[in-house]
Amino acid sequence: MISIRNLSLDLGEFSLRDICLEIKEREYFVVLGETGAGKTLLIESVAGLLRPQVGEVWLAGRNVTNLRPEDRRVGYLPQDYALFPHLSVRDNIGFGMKVAKRAKPMIDSKVAQLANLLGITHLLERDVLHLSGGERQRTALARALAIDPEILLLDEPLSALDEQTRENLCGELRRVHERCGTTTVHISHSFEETLALADRIAVINAGQVEQVGIPTEVMSRPASEFVASFVRCQNILRGRAYSEAELTRIEVDGTEVCSDYPAGGAVTITVRPEEIALSEELPSQGKPNLFRGEVTMVVDRGAVTRVDVTTRAKVQGSKETPASLRLVALCTHRQGKALGLTPGKELYISFRPSVVHVIRRNQDEANT
Amino acid sequence: MSSADRKSSSRKSAADEVFFKSWSNGLLLFYLTLVALILFFTARYAGIAGYTELLRDPDFRGALILSLETSTIATLLAVVVAVPGAYALSRYRFPGQNILDTILDLPIVLPPLIMGVCLLIFFSPAASPIGAFLKEHDLRVAYTRPAIVIAQFMVAGGFTIRCLKATFDSMTPRYEQVARTLGCSSSRAFFTVALPLAKGGIVAGAIMTWARAIGEFGPIIVFAGSISGYTLVLPTAIFLKMQVGDLEPMAAGTMVLVFIATVALLIFKRLGGRGYIW
Amino acid sequence: MDEIGKVFQNKTNIKVQYTYSGSACLLAQIDNSRQGDAYMPGEWFYMEQADEKGYLTEVERIAYVIPVIGVAKGNPKKVRGLRDLARKDLRVGIGDPHATALGKQAYIVLKNAGLQEEVISNLTTSAATVPELGNAIKLGHLDAAIVWDAVAHWYPEDIDIVLIEPEYNEVSTVPLGTLEFAEDPQAAKKFLDFVASDEGKAIFKKHGYSLTPNLEL
């Protein structure tokens, strides 16, 4: 549906380098990146507001690289929504249809239908200046959808909203997408915000695509250290891997971690904090990655508790070897309470080899 | 730091604040008083006789009406040119923009009298092909009423562009961008979105342009002359009164200009004009 | 005047400061400020006014200025005298009669010739300052203007002089007077004496002013 081919654009402060992305029909695609990574350039290039210096943009099978924005049928929702302040909510939503010289009854019925879909029927005659953040967002979304766009481009649609509204709108976006089936590109700087929405995500960093994949895959198997930290894999450790018959042993900070993934040489391993198990009792079964350690910090985040631990020793059967890894674990509030977590508390720390993801590093990186 | 130290330092910073506030406010008050007193003494100097003499003078009444007419026409012209011009300057980036920007500032920075001399040369049958062409077709510009409008337009026009550029600069281009994605061509986006949003700024800019045009003196006396009943406008009439030593009617005329400027400024402020008046 | 000031300063070590403006304007300034050491109007008439108000201490006639018709070099429009100024194919300028001594003088000259109405209705402009007229002829905006002979002399490359019929013409005197407000009356007197001396007058002559009431070409 959307095909971005070798797109490059340099505006000095921001740039995109050789971006290639294929977005499928009806897909909800999220582009993730930090502020300044070039996300907005990407969306503006697709909308036709910027012309790429190199590369092509294809929409629904036609090359639109040199097409003006008005000829692309793209629904665009900018970050600040940019509702026309001199028009009412109704006229904002109907703007595109009026430009297309659609008959008034057609405009009215479409506006009514979209207002109903987004629950803003009661706002139609209002002035847009007095709308709340969520109401503005819904109005802008209705305005973009009113032209029956081939694709919908959302630039940080949730970031300016308070948490409650954000959660509601997140559900709304999902529902609207299911109803309308419009191929959607949503850009965001927050991984958690879009987890529930995305069919697939792309992570871009410094103008380049680092990884494309379904959210769970990107979360558990980040392609680079950047992606790992971006998707909040808080345990990112560098070491050297030795592949053996069944497991891969990775030497990290003078101890050893085991992984299912075959690898050798300089590597970075990542372990998601929610995959790290904490217990007071020594687990009955022997585990390849079992450590004894102590809690250094506890941060209560409401539903979950973040626990920072430092291992003292690796436990292999009855043998203990010294090990000092700093790890971050997440446990539910209830678990945390049951364990009686306080700094200084001794406990056992374990994680399965299958959750230890291995990223190969090239030699230059290994030296740094 | 001991608590005694802290106390004395906080007392010191309190004293500093009092000093700074009274210093800055005092200077402001000083300036305001000066302006008010100057205007008051000028108004008083004119005397009742000054005002009556002035308002009875048909030359002066003609000059007042001519001033209102010419500055209105000059303002309309300036706005017609400045709206698209300022929009282009604000929205598009092109090579040589800095140079263009500087050229636009010149009419503002140049002493207005010099602008009058430049116009005289520009339309000179002896010194410029344009002047020669006009003369060939027996069209006269210098020392005519259109010359007043041209002089006002040239001096106030650069200022209008500045004013309106500030208006467009303060508006995010997102509105037009969204309008484009909704199917507007760039000109349609300008007319249906940018222009209505800039309306307040444009009206405010037009009023300031008008106030400047009506107060313009130097280029008019040089380029349009000061012919009673023909090219005599309010400021030149005031100047001639001074030239012949009729200071009371001159002061009265000045107060008429002050009154017009005050009304224009109040409307400007009311419309939310920003402080970019030079 | 700048040259006079320089020569005078070299001789006496007294620095002269000038304020240039129209004769009436200067008189009004003197009237209001009650300041100044010396006054030099373009016309005797203003000196009389100053004298009536009792401002003057001493007066000397310095030079004569003679109204002439200034035309573009080579006189392309064949202007021969005052009567031609009523010609409709000419763009004619004179000084503003209220603001300038020159304008006032021009009106008198025209009146003498009985041409006042005709010429005034044919005017392209009336200038608030004298040099404006010279500039306008030079730039081709005017075909003819009544100016002082001295002004015409400032534009040897661009302006030719057509004499006004002597029977109508009124020669004007440029006087210099010292004022009673002078802070240093002796210095003012020295200045007056210097300007009125042969050396001072020679400088005026150099700049196109006549030292006799007859036009020397």
DSSP loop GluC sites (Glu not before Pro) with at most 11 other Cβ within 10 Å excluded, longest remaining stretch of chain A: A:126-243
Principal axis extents for the stretch A:233-366, Cα atoms only, whole Å, descending order, please. 43, 32, 21
From the helices alone, meaning DSSP H stretches of at least four residues, give me the mean residue ellipticity at 222 nm for chain B, per-run term -39500 (n - 2.57), in deg cm²/dmol to the nearest 500. -26500 deg cm²/dmol
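List, in the order given, every pair from C:Lys6/C:Lys138; A:Lys24/A:Lys98; B:Lys241/C:Lys138; C:Lys6/C:Lys189; C:Lys11/C:Lys205; C:Lys6/C:Lys205 whose Cα-Cα distance in the structure shown is over 23 Å.
From C:Lys6/C:Lys138; A:Lys24/A:Lys98; B:Lys241/C:Lys138; C:Lys6/C:Lys189; C:Lys11/C:Lys205; C:Lys6/C:Lys205, over 23 Å: C:Lys6/C:Lys138; A:Lys24/A:Lys98; B:Lys241/C:Lys138.
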In the protein assembly as shown, if the dipole is taken from +1 on Lys/Arg beta carbons and -1 on Asp/Glu beta carbons about the Cα centre, which of B:Val263, A:Ala37, B:Leu247 is farthest to the positive end? A:Ala37
Note down, for the stretch A:209-285, the three equivalent ellipsoid semi-axes (square root of 5 times each alpha carbon gyration tensor eigenvalue), biggest first, whole angstrom. 22, 18, 12
Calculate, in whole percent, how much of the Cα-Cα pair population of the protein assembly as shown lies beyond 49 Å. 51 percent
Note: the stretch B:206-248 at 10 °C, 1.306 mPa s; Kirkwood Rh on alpha carbon pairs; Stokes-Einstein D in µm²/s works out to 145 µm²/s
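Using packing as a proxy for protection, rank B:189-198, C:7-16 so that the peptide with the highest average count of other Cβ atoms within 10 Å comes first.
Packing order, densest peptide first, comes out as B:189-198, C:7-16.
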Once you compute Rg and the Kirkwood Rh from C-alpha atoms, what is the Rg to Rh ratio for the stretch A:127-243? 1.06
For the stretch A:161-210, the Kirkwood Rh over every pair of distinct alpha carbons, in Å, works out to 12.1 Å
Binning at 10 Å from 0, report for the stretch A:2-225 what percent of all alpha-carbon pair distances ends up in each bin. 8, 34, 36, 19, 4, 0
State whether the stretch C:1-59 is rounded, prolate or oblate according to the following rule on the C-alpha gyration tensor (a ≥ b ≥ c being the square roots of its eigenvalues): a/c under 1.5 gives rounded; otherwise a/b larger than b/c gives prolate, and the remaining case gives oblate. prolate
Express the C-alpha Rg of the stretch C:64-115 as a ratio against the empirical globular expectation 2.2 N^0.38 Å, rounded to two decimals. 1.16
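Rounded, prolate or oblate: which fits the stretch B:121-278, taking a ≥ b ≥ c as square roots of the Cα gyration tensor eigenvalues, rounded meaning a/c under 1.5, else prolate when a/b beats b/c?
oblate
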For the stretch B:18-71, just run the numbers: alpha carbon Rg, then divide by 2.2 N^0.38 Å, N being how many residues it has. 1.85
Would you mind working out the magnitude of the charge dipole of the stretch C:78-217 relative to its Cα centre, with +1 at each Lys and Arg C-beta and -1 at each Asp and Glu C-beta, to the nearest 20 Debye? 260 debye
Counting only other chains, what is the mean number of Cβ atoms within 10 angstrom of the Cβ of each residue in peptide C:125-131? 5
Where only alpha carbons of chain B are counted, the Rg and the Dmax (Å): 24.2, 90
Using only helices, what value at 222 nm comes out for chain A when you add -39,500 (n - 2.57) per DSSP H run of length 4 or more and divide by the total residues, to the nearest 500 deg cm²/dmol? -7500 deg cm²/dmol
Peptides C:134-141, B:157-164: what's the order by average Cβ count within 10 Å, highest mean first? B:157-164, C:134-141
Which order do peptides A:303-312, B:31-40, C:23-32, A:332-341 fall in by mean Cβ count within 10 Å, highest first? C:23-32, A:303-312, A:332-341, B:31-40
Which whole-number percent of Cα pairs in chain C have a distance greater than 28 Å? 31 percent
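Please compute the average number of Cβ atoms from other chains found within 10 Å of each residue's Cβ in peptide B:168-178.
Per-residue shielding by partner chains comes out at 5.
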Taking the alpha carbon gyration tensor of the stretch C:67-162, what are the square roots of 5 times its eigenvalues, largest first, to the nearest whole Å? 18, 15, 11
In chain B, helical segments from DSSP H whose Cα atoms cover 30 Å or more along their own axis and that average at least -0.5 on the Kyte-Doolittle scale are B:3-56, B:58-91, B:145-169, B:247-270
Rounded, prolate or oblate: pick one for the stretch B:1-152, where a ≥ b ≥ c are the square roots of the eigenvalues of its C-alpha gyration tensor, a/c under 1.5 means rounded, and failing that, prolate if a/b is larger than b/c, else oblate. oblate
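Readers should treat all values here as calculations from the given coordinates under stated rules, not as data from a laboratory. Given the structure is predicted, the values throughout are model-derived calculations rather than measurements. So basically every Cβ, Gly included, is an ideal-geometry build from the backbone, and we count neighbours across all protein chains shown.
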